[in-house]
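Only the coordinates and a few stated rules stand behind these numbers; no lab work does. Computed from a predicted structure; not experimentally measured. Glycine gets a Cβ as well: all are built from the backbone with ideal geometry, and neighbour counts include every protein chain shown.
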Amino acid sequence: MKTLIISASQRADSQSSRIAGLLNTRYFNNSADLLDLAAKPLPEWDGTGFDRDDVKAVKARALAADALVLVVPEWNGMAPSAVKNFFLWCGAAELAHKPALLVGVSAGTGGAYVINEMRTSSYKNSRLLYLPEHLLMRDVENLWVNDTPTKSDTYLSERTRYAVNLLEAYAKALAPVRKQALETMGAFTNGMS
Ligand SMILES: Cc1cc2nc3c(=O)[nH]c(=O)nc-3n(C[C@H](O)[C@H](O)[C@H](O)COP(=O)(O)O)c2cc1C
């Protein structure tokens with residue numbers, strides 16, 4: 001399975017980036033493609049630049065993925081604009097009916113708002129399929145930082161293993177669905193709203 005892990009914080013040295021890297025190391029044998037939006041891999045969408053090489057490169061990385069993991073920090077109760085920008089550039093051609101695991105990140109006890117926001121705002125035209133399972137990395141600055149795992153470290157490690165296993169199962173099961181959907185969507189290029 002080819003997995004694209006997106007770190008959706010546009011801040012350098014973010015906790016989302018740290019968690020995205022750890023997910024890759026611990027759960028994907030470092031074989032996932034890591035797209036850190038803090039590196040500004042995409043220009044801000046303004047209706048131009050469709051043939052830019054950087055845009056084409058990100059679209060190709062999204063297209064190559066069988067599954068996605070979106071690591072999204074909660075900022076003022078919202079998802080950062082960088083991840084919304086990603087969904088302006090990448091749509092159904094790259095993402096339709098691919099499974100995606102949402103990972104909310106919070107320095108405190110938040111994170112649920114961004115799960116809710118992503119579930120309601122980013123799938124309509126892209127048809128990205130968010131798993132009903134998601135993860136919340138709370139008190140993130142103290143998560144997975146010590147040699148001796150805390151209770152929270154262990155709980156989230158086990159829960160992440162469970163969720164990643166499910167993501168792989170969905171990716172296998174959905175491959176023919178994606179093929180059928182792209183072949184038959186015809187004029188229905190956008191979801192209904
Ligand atoms: C502009 C801004 C707004 C934030 N708002 C929230 C928030 O609403 N809820 C929350 O739990 N954490 C909030 N935080 C703290 C983040 O959870 C914290 O920075 C965490 O490390 C995840 O963000 P990062 O991936 O950019 O590091 C905010 C952080 C920033 C920079």
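So the values come out like this:
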{"read-out": "ALA65 under 14 Å from ILE6 (Cα atoms) and of a type in the set (Gly, Ala, Ser)", "value": "yes"}
{"read-out": "Unique match (being touching a Pro at 6+ places or on another chain (Cβ under 7 Å) and either touching a residue at least 60 places away in the same chain (Cβ under 8 Å) or within 16 Å of the ligand (Cβ to nearest atom) (or both)) among ALA67, ALA20", "value": "ALA67"}
{"read-out": "Pick from segment 38-56, criterion more than 10 Å from the ligand (Cβ to nearest atom) and either among the basic types (Lys, Arg) or in contact (Cβ under 8 Å) with a residue 24 or more places away in the chain (or both), ranking: farthest from THR160 (Cα to Cα)", "value": "ARG52"}
{"read-out": "Number of the exception - ASP33 against (1) of a type in the set (Asp, Glu); (2) at positive phi; (3) away from the ligand (no atom under 12 Å from the Cβ)", "value": "(2)"}
{"read-out": "Candidate set: segment 84-111, residues that are touching a strand residue (DSSP E or B) at 6+ places or on another chain (Cβ under 6 Å) and within 15 Å of the ligand (Cβ to nearest atom); chosen: the one nearest to THR184 (Cα to Cα)", "value": "LEU102"}
{"read-out": "Segment 114-167: number of residues that are more than 20 Å from SER14 (Cβ to Cβ), in contact with a Pro (Cβ under 9 Å, 6 or more places away or on another chain) and in a helix (DSSP H, G or I)", "value": "3"}
{"read-out": "Hits in segment 155-179 - residues which are more than 20 Å from the chain's Cα centre (by Cα) and surrounded by fewer than 11 Cβ atoms within 10 Å (Cβ to Cβ)", "value": "PRO176"}
